[in-house]
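Visitor: Below are the structure tokens for one structure; questions will follow.
The values are calculated or read from the model by the stated rules, or taken from the named source; none is laboratory data. Since the model is a prediction, treat every value here as computed from it, not as a measurement. Backbone-built Cβ (ideal geometry, glycine too); neighbour counts: all protein chains shown. Heads up: the accessible areas ignore ligands, DNA and RNA and are worked out on the full protein's heavy atoms, side chains in. Shrake-Rupley method; radii C 1.70, N 1.55, O 1.52, S 1.80 Å.
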Amino acid sequence: QVQLVESGGGWVQTGGSLRLSCAASGLTFSTYAMGWFRQAPGKEREFVAAIDWSGGTTNASDSVKARFTISRDNAKNTVYLQMNNLKPEDTAVYYCAAPITKYLRTRVENYHFWGQGIQVTVSS
């Protein structure tokens with residue numbers, strides 16, 4: 001049974017930083033790409049960042065690429081999202097997800113496994 005468990009969310013002021021972690025179990029982590037998505041109230045779930053199986057290729061949405069960094073530690077079965085210079089518009093529930101491929105994907109429909117989500121709130 002695949003489990004993805006996010007941690008590290010919370011409340012932060014504008015300009016602050018948070019690091020999200022996602023611990024994976026039940027899958028051979030090093031053979032899967034991983035991604036982060038977010039969903040704000042009343043909005044569709046959107047792509048934030050993704051990383052391939054090796055960590056050698058990453059991608060991020062235009063709205064965050066200058067501020068957020070995705071990384072992974074295959075020895076710890078964990079993927080991270082470092083979020084810097086946070087803005088109120090970053091407020092959302094953040095989800096960790098895995099597609100059934102080792103190659104990076106950016107679309108929600110390409111992802112098969114999802115975490116339960118974690119709240120990130122940025123106050124102005």
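Visitor: Can you find a residue in the stretch 62-73 that is open to solvent by 50 Å² or more (accessible area, probe 1.4 Å), under 20 Å from Ser123 (Cα atoms) and in a strand (DSSP E or B)?
Guide: So far as the stretch 62-73 goes, no, none of its residues is open to solvent by 50 Å² or more (accessible area, probe 1.4 Å), under 20 Å from Ser123 (Cα atoms) and in a strand (DSSP E or B).
Visitor: Let me ask you something else. Could you grab the pairs with beta carbons closer than 6 Å, sequence gap of 6+ or different chains, first residue in the stretch 18-39 and more than 16 Å from Ala60 (Cα to Cα) and open to solvent by less than 50 Å² (accessible area, probe 1.4 Å), second one part of a strand (DSSP E or B) and of a type in the set (Asp, Glu)?
Guide: Matching pairs, first to second residue: Cys22/Glu6.
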